[in-house]
1. Using R₀ = 30 Å, calculate the FRET efficiency as 1/(1 + (r/R₀)^6) where r is the Cβ-Cβ separation of B:Gln178 and B:Thr217; round to 0.05.
2. Roughly speaking, what is the stretch gain from B:Leu295 to B:Ser236, that is 0.36 nm per residue apart minus the C-alpha to C-alpha distance, in nm to one decimal?
3. Just from its helices, what would the mean residue ellipticity at 222 nm be for chain B, if runs of 4 or more DSSP H residues each count -39500 (n - 2.57) and the sum is divided by every residue, rounded to the nearest 500 deg cm²/dmol?
4. Within 10 Å, count the other beta carbons around each residue, average over each peptide in B:58-69, A:141-152, B:212-223, and list them highest first.
5. Residues of the range A:166-190 with the amide nitrogen closer than 11 Å to a label point 7 Å from the Cα of A:Lys121, along Cα-to-Cβ, please.
6. What's the average, rounded to a whole number, of partner chain beta-carbon atoms within 10 Å of each residue's beta-carbon in A:180-193?
7. Within a Cβ distance under 13 Å of B:Gly63, other residues only, what is the Lys/Arg minus Asp/Glu net charge?
8. Using a 10 Å cut-off around each Cβ of peptide B:97-104, what is the average number of partner chain Cβ atoms that fall inside?
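No value in this document is a laboratory result; all are computed from the given coordinates. Keep in mind it's a predicted model, so treat the numbers as computed, not measured. As a convention, Cβ positions derive from the backbone with ideal geometry for all residues, glycine included, and neighbour counts pool all protein chains shown.
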Amino acid sequence: MTSATLSIATAPDRPRRNHELADVHHLASRMMVYLLAFTAVSVVGFPLFWMVLCSFKPGGELYATPPSFLPREWTLQNYRDLFVQTNFPTYFANSLIVAGGATVLSLVIGGLGAYSLSRFKFFGIAAFSNAALICYMLPEVLIVLPLYIYVVKLGLADTLIALIIANTAFTLPLALWFMRSYFNAIPVSLEESAMIDGCTRLQAMYKVTVPLALPGIISVGVFAFNHAWNEFLFALVFTSSERNKTLPLGLATWIGQDNIYSWGMLLAGAVLVTIPVVLFYLLVQRKLVVGLSDGGAKGE
Amino acid sequence: MAQLEIRQVSKVFTDHTAVSNVSLTVNDGEFLVLLGPSGCGKSTLLRMIAGLELPTYGDIVIGGRLATRLQPKDRNIAMVFQNYALYPHLTVYENIAFPLRVRGANTKNVDEKVRWAAGLVGLDSLLKRKPRQMSGGERQRTALARSLVRDPDVFLLDEPLSNLDAKLRHSAREELRQFQDRVGVTSVYVTHDQVEAMGLGDRIVVMQGGTVRQIGTPEEIYQYPADTFVATFMGSPPMNLIQQDDITLGFRPENFLPESNYPSGSDVTRIAFRVYRVEYLGGDRLLYGHVCGGLPETPAIARIPSSVSYSPVVGSETPFAVATADLRRFETSSGRALPVDGIVVERRLAHG
């Protein structure tokens, strides 16, 4: 009896931890996550990194074998050529207009449409939302010709407006579906409460529903902007004049224009094309993450 | 403050009738409780008063003004939702200020009112929090403050206590009633909990299947149920019903006592009772058994206070009795109450 109490009293303060298989699993999964992340960063990141480095190399060094990793001679010549020899600033402005316009249109039309799909029940609404989903599955190549006919008949050929409309048409189905699911997750009682508190339905929507659906709206915005910014086919088909070219189209026409590929200029152009997208993403990224953790309306 | 009138209101959805031909009047400053099992139409009725649903038939009159087709925002009503519907992206302060800001009140006025309303429910120190950082009780009080910050004519509550745990619900109920007494606003309260209804209501409207079964004070409804539905819905355990040809006898478990418990010579109706199980609940005991003797054998429950010294013998037939004044009679076919001496139970005291 006494020896037993003694042995307990002198036992180490903390009992030994009992290791189990789950600990190994935990460790292994951590390692896998880091490995995967490392792989992803190198595969995705290296071309970007290489692009930035090469844009600072003088023309001759680009063809050097073996290739030099860091530029032996840092130069801004490529960037100067870009602005002096080409219409890059025009392309850039056109792309901004098209991408911005398509984003705003997708958000406004998609937001209102998704809100209706989520909140109202009337004849044909389910059929409409299914049709929208099917539309999203159609590839660009398939809709480009019918859209071209519309564009020509409406007298919009070779205008930026045609591009804005086409890009919106392409983004809209996804915008509808994505935002609809966000609106569905927001309890109707919040809007009803807002309406009793003195809002009209539209006021209730933008004072309560929109702030809560912000992460979804931002995701759709990022998608729409990215798509319109990178879009090539519509731009190729709908625009012809130099003055209305967008960046992807403009850059692409330099390839094979003369027999010497101006890689240095193309790389500098590519860097400048990437910057707005990265900036835009950095701008909204914080909001996206904050919104996601904030939006949970559970129990409120 | 205003009187609320519901005139022959019905609501028909595509596949069913949620509310059928309900008329009632809520007096100025009265606390009226709509009580019924889920799916009885009580919430639909409340939503029609709020303007969130349009009645298929009938009219709603708030403070003498026809409100059937008015937008919710134009009715000057306030509503507390079951899930409180607090705006998760706003602080408590902004939540309470929301109805004022929407109506374009100036900043100084808003601040004054918000602090008044928050003080009323004891939320002064929590104004900077977001709803998700608060407990259920605090959220409920925030919802109350928000709905009262702008002096509504009618105050609607849709099961506001059902998300609270049992202990909190009790104190919240008491607070709510004290609060209503202080503010004195006309209130309509929806619940499926009969204890809440009894404890809170000036009058109770018992609903079932979209129709009003009875309207009356808690006492009237408990003592003189208008039909067998109300009789069994109110009270826990429910009223014992014994079907005897075209008359159904009803008596409350607490009125069903051993015969020896009544002074000799008092006016009682004897009913033999065979107990098969006893449940001890502290304050009283529940005796489960069958009514037998001259009556058809029917399951019944007796509730005997612990202060009554009586040791039930399981399995044997014991003489029990009900004071004749506590015995209710119902018509078996329709379930309606038959008139009790001196008191006529109206099926609808609609325009009380």
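1. After rounding to 0.05, the efficiency reads 0.95.
2. On the way: separation 59, 0.36 × 59 = 21.24 nm, distance 2.35 nm.
Length gained between B:Leu295 and B:Ser236: 18.9 nm.
3. One gets -7000 deg cm²/dmol as the mean residue ellipticity at 222 nm.
4. B:212-223, B:58-69, A:141-152
5. Within reach of a label on A:Lys121, which here means backbone N under 11 Å from a point 7 Å along Cα→Cβ, the range A:166-190 contributes nothing.
6. That average works out to 4.
7. That sum, taken over residues with Cβ under 13 Å, equals -3.
8. 4
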